Each structure stands twice: as structure tokens, then as C-alpha cells.
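Here is the structure we will look at, set down as C-alpha cells.
The numbers here are math on the coordinates, done by the rules we state, and not lab data. Source: prediction; values computed, not measured. Positions of Cβ are generated from backbone atoms using ideal geometry, with glycine treated the same way; all protein chains shown enter the neighbour counts.
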């Protein structure tokens, strides 16, 4: 596949424009061993001892890639000249563009126009590194070594990328790209190019916000088809970005849930720290997808064994006990002097004795079985802390050697980790790699990486759709036209959401939905929301809005027991605006008069839903720039107390929904806990399907929340509902 970025990724000639920053990039390329043509452009002086020209037009030929190290105003003209010369791509280092406000955004628009289709990396970025060619369009030091193949690291943060290049984990890094403002080349296009390159063995992503979700999804699908591991660190996950949330869901899960759901959908392994990012890439590249999540841990200390067990809690990992005959073989290898558990403490009485260590480890991994049996474990973890630099490490190497031999003999993928990252020296990592093992800094990153590998194997078996329902975007409101109160709260647009940016607002609603006078969004009355839900196929209780004085008559017509609700409140329970279980006219009259503040005020009278097994929260909301986000969770008054939610992207299959429900802590209630009736899970699935069709067909809907969805043994009924819809401004 030919990429627009091919000349940038494997350049044969480089141009450097500017002064001090350009000289640093020249130094970096020379130190990295770039052997192609290099030219400099500076009207006042020579840069290092390169052939230096006064203008881009004087260059002997069009460079494959150029480093532009001049100020922001001069950058636009230099880029125009480079594009006219036929340059392959330009790295724009200067800041002062869209990240600074409207004037900078306008300048960034001019920059993109000046490029006339020539790829621009940045502006406001560190640049790119190509280990296969030695090209360093990079005005700083870095820690990469030359390699023909390896992982690609793509980061919107330049400084994080610099730090990542300094890793000492033995991970081959072939390309580093920092995207900065993503004025032209965004993280999605860079990901697309890397996913198509056969020299790329894995991709690591540091993402602040996506620039092109559809392209990103296509790149992820391409990587999945190749069997290419992809690991993502989402920066800014703590920013829920909503000033005032009308629904429970918006305040509970935030926008980060949409990114998590996207990564899950596309088989991208999410991490939360830089050490996890690197160690997970290391393990996935070395081991690939695991057949399952059954692990065994080996350490010479009970404390370490307990630590592994403790730190694996909450992860999708299993440490199954040894079968009786298997345990007997392990006990025999340890002379009956150690309890055989998993995680296993094999004690230190065989320390330094490679033969006995090998016998023990082979017994643990099933390599000593007298007849062929299924592999007892899907992977093995060895916890091994080496002495500090300058101390004698000779007695530690037999353990590593024995572990690798047992892994080979049993065909078990093996990972070695220390309890402290500084206790696994570079020498040990390198030796582990030579022995066919993956090495991680510490127990936590090892468990995270092994979990990712196990999940990857499960995803390979399951597959999944690559098409997402895009976020709702009314035709009269483009991404840049959301009123300020509907973007990131009341302080104006999200960073980079100005005219010169292709970043969409992270969340197109906030305090504006409470009605501050700006056009944007409206919360529908509950009865209207339920009318729309009923038309879409969602079960709703019979009900009517009447004057309080007519409530008893309405209740009799509906049939007792009934619920009486105040009209116009978003969160009725918190405000005391709902009374349930009324089974007599007098009770209805009293409740209606109180809630409506008199006979002429309006109330909602509805049928009371009896026999509920569980109450759920079900929400579908627009989560730009990702898509339409489905959230399932514990509902009713427990929604915010339990914080028990799972998110998926729409469209969601019936299996997706059932799988999400099984992940909830309230699942036992749905499944019939302790002899209680089982809930109508199929009815919940049908409700989600109906919501999916509704938001697919009506793109004015920004959010729907049903809370609670009353689930009985026979039905799922929307007892309360909120619907947030975009409203056209008067002149639309």
C-alpha cells in the first residue's frame, strides 16, 4: 500500500530550514547515521558544514522531507516554497498556532493552505525519527538505535515521545512521530501508514484526542487483520469536560468511557502509564495472543507469590490450582518441602542449582508428564530480582536459564519480571530476549501485559464489527458551531477547537442544556420522551399529564397502583418529585396537590411497575469525536452510589449487550440470585436494539437516558426517561 507519508518515513534526502533548531536536527541525523543527501537553508550563515542555500528555491532538488525550524509567521512562507518545490513532507517545529487561540488558528489555516496537499507534521511538535534510515527531523537528543524493523510510537505530546525514546527495555523502536496540533497529518493518518508497513511490529499510541475517528477505525481494523499489536495510552482521561450534566450518565462515565469503548471494540489494548505502554508492547510483540488467561507464577518468596496474587485481583487473569497428580509431581521435584500452590513459592533451597531448578520448573509447566496432556497454563511468570550494579549476579542466571528451558520444553510463553523495575537490569532483559522470554519491569506491568495478551487471544476468536454509528451532529450545527456553553462547559471551546483545527469538541453539551438562552439543546418533557420511546419500540408505562385535581380520575382509568410525578424536573427522586405505589384515589389526590402546588398545576400519573427483579440505567449519548456511546449500569437510586457501569459503542450486537450485562456487579440479580426469579434479559437486549435504531434514524438526539429501566421476569419497562435533543436556532 502506498502512503502519502512514504517519503517522510523512509527519506533519501533531507532539508533543514532555520537556525539553532535546524542545527540540532542536523546533529541528530548525523549521530543517527543518516547517509542520504542533506542540505540546509539559511539566508545569513552556513548551518554546520552542510551545503547551505539562501532559499528553498535554490535547493538542488526536492527533498523527501524537510525540518522547518523558523518562527510561526515565517513557517507559512517556507512551507509554501517547499510545496512548490515538490518536497515530500515538512515537519513544522514552531508553536504559536491554533494552540494559542483564534489568531493562531487562522495562521494554522494559512499554513495548511500553503502546503497545498504536501504532508505537514505539526506544527508545535518535536518531529519524526526513522530508525531504518537514520533520519532525525528532531531538534533534540533521543535514545533510539538503528533497526530495520520494530514498533512505531505515535504521540501528540512531544516531550513524552522524547522520554519514550530513552527506554532501556530492549524494545526495538523503528519510528517515532509526534503530531503536535495535527493541522494536517493527524494521529489517525500516521496510524494508518504504520499499520500498512510490514516493517512495523507493533504500534504504541499516546492520544489526547482523535482527529479522524473513521480513519482511525479503519487503521485499527487493518492492524487487527495483520495481527499487529496496538497499545494506547489516553492522555487527559480525568477530564470529564462537562460543566453541568443533565443526565446521571454524563457525570458518571465522562468522555473517557467512549475512548475505552472504542479501544475495546477495535482490539486496541489500553494502558494507563508509560511503563505499561512499553512493557505491554514488549510482551505482545514477543508472545502474541495467548490461548487463554490461565497463568502460573514462580518466585522464591512467599511474599512475592502473595503480591502476584494480590495484584492480579480485578484483572481478567486466572491462577488455577494444580491438579492432584500435577501437584504431586511438583512436590516431588521440591522434595516435599514446599506447599504446592499457584502462585508458587519454590523456596531457596534449590537456589543456584540449575539442574534442580530446571526439574522444578519443568514439573510446574507440565514438561515432565509421562503422556501428552493439554498444557496446564497459557503462560508463565517468573519473578526475579537481580542484585544492584557491582554486586555478584552469578547465582541469579541459573534461574533465568532454567525457566527458559522449561518454557521451551512445554511450549509455554514465558515472562520474567522483578518486584521493583530497577532490579531487572538491561543485561537481564537482553538475556531474557535471547532465551525467547519477554521481560517486564515489575509485577504490575507484567500482569497488565499478560492480561492484554490474553484479551487479544479472546478478541481473535470473537472478532467484531468495524463500523461505528457516528456521533449525532445536526446539519445546522457543524463541529465548530456549537455554542460555547455546549462545548466544554462555560469557559469556551475545547483546546484546539478553533477554526484552524480539525479536532471536534469533546462533548457537545454542558450547562447550555439547562437553558441559558443560547440555541443548542433541549431536554424534552418526560412524557414526550416516553412517547418517542414507545414509538421506537421501547416499553413504557401507561400514563397521562393532567391537572392535579384530575389526577384521581386519571389514576382510576389507568388502574391502581400508580405513580405520581412532578412535571419539569430532570432528577425527580433527588428533589422529592415522585411518589410511587399509590393504590387509592385519596392518596393520589394528596400527592398530586403537593407535587403540583395546587389543583391547577400539572402532574404526570403513570402505571406503577410491579415485580421488578432489578433496576438498570440504560443510556445512549453522542460522544464526539468517537460515536454514540451505550452505557449500561445499576439504575434507580443506586446509579451513582454503586458506580457500576459498562460502556459499548453503537451499534452493539445482542452478544455485546449480554456480555456487558454480565460484567455488571448487579448481574447476579438479573441472573436469579439465590433462587430469585431471573430477569427478562432478552427484553433488555431488545430495548437497547430499539434505542440504537432510534438514534441512528433521528440524528437530532444527543442523549437518551432511561433510569430506571425496570426489569421483571417478563419485560423491561422505562419507568423514567430523559431525552436531550438538538434544537435548530430560530434562523436555521
In whole percent, what relative contact order does the chain give with Cα contacts below 8 Å and a gap of six or more residues?
10 percent
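State whether region 254-293 is rounded, prolate or oblate according to the following rule on the C-alpha gyration tensor (a ≥ b ≥ c being the square roots of its eigenvalues): a/c under 1.5 gives rounded; otherwise a/b larger than b/c gives prolate, and the remaining case gives oblate.
Numbers: a/c = 3.03, a/b = 1.51, b/c = 2.00.
In terms of gyration-tensor shape, oblate.
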Using only Cα atoms, what is the ratio of the radius of gyration of region 337-411 to 2.2 N^0.38 Å?
1.16
Hey, can you rank 584-590, 123-129 by average C-beta count inside 10 Å, highest first?
123-129, 584-590
Below 8 Å between Cα atoms, with a sequence gap of 6+, how large is the relative contact order for region 286-462 in percent?
29 percent
With no solvent and one point per C-alpha, what does the Debye sum give as log10 I(q)/I(0) for region 620-693 at q = 0.17, 0.27 Å⁻¹?
-0.67, -1.34
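Starting from the Cα coordinates of region 388-458, work out the convex hull volume and express it per residue in Å³.
Working: hull volume 5.8 nm³, N = 71.
Spelled out: Cα convex hull of region 388-458, divided by residues, is 82 Å³.
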Rg (one decimal) and Dmax (whole number) from the Cα set of the chain, in Å, equal 30.4, 96
Computed on alpha carbon atoms, what radius of gyration and Dmax characterise region 6-207, expressed in Å?
15.5, 44
At what distance in angstrom do the alpha carbon centres of region 60-101 and region 662-703 lie from each other?
52 Å
Over the residues of region 542-607, compute the C-alpha Rg and express it relative to 2.2 N^0.38 Å.
0.94
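For n ≥ 4 DSSP H runs only, could you compute -39500 (n - 2.57) per run for the chain, divide by its residues and tell me the 222 nm figure to the nearest 500? Show your work: numbers first, answer last.
Values: 23 runs with 247 residues, N = 732.
Rounded to the nearest 500, the figure is -10000 deg cm²/dmol.
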Would you work out if region 281-436 is rounded, prolate or oblate? Take a ≥ b ≥ c from the square roots of the eigenvalues of the alpha-carbon gyration tensor; rounded if a/c is under 1.5, else prolate when a/b is larger than b/c, oblate otherwise.
rounded
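I need 620, 666 ordered by Cβ neighbour count within 10 Å, fewest first. Intermediate values should be presented prior to the final figure.
On the way: 620 27, 666 20.
Lowest to highest Cβ neighbour count: 666, 620.
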Please report the base-10 log of the normalised intensity I(q)/I(0) for region 86-125, using a Debye sum with one equal scatterer per alpha carbon and no solvent, at each q in 0.16, 0.18, 0.31 (1/Å).
-0.36, -0.45, -1.06
Ranked output for segments 357-363, 539-545 by mean other Cβ atoms within 10 Å, highest leading, reads 357-363, 539-545
With a ≥ b ≥ c the root eigenvalues of the C-alpha gyration tensor of region 1-84, is it rounded (a/c under 1.5), prolate (a/b larger than b/c) or oblate?
oblate
Theoretical gain in end-to-end length, residue 55 to residue 409 [0.36 nm per residue, Cα-Cα removed]
121.0 nm
Packing-wise, with mean Cβ within 10 Å as the measure, how do 317-326, 188-197 rank, highest first?
188-197, 317-326
If contacts are Cα pairs under 8 angstrom and at least 6 residues apart, what is the relative contact order of region 542-607 in percent?
53 percent
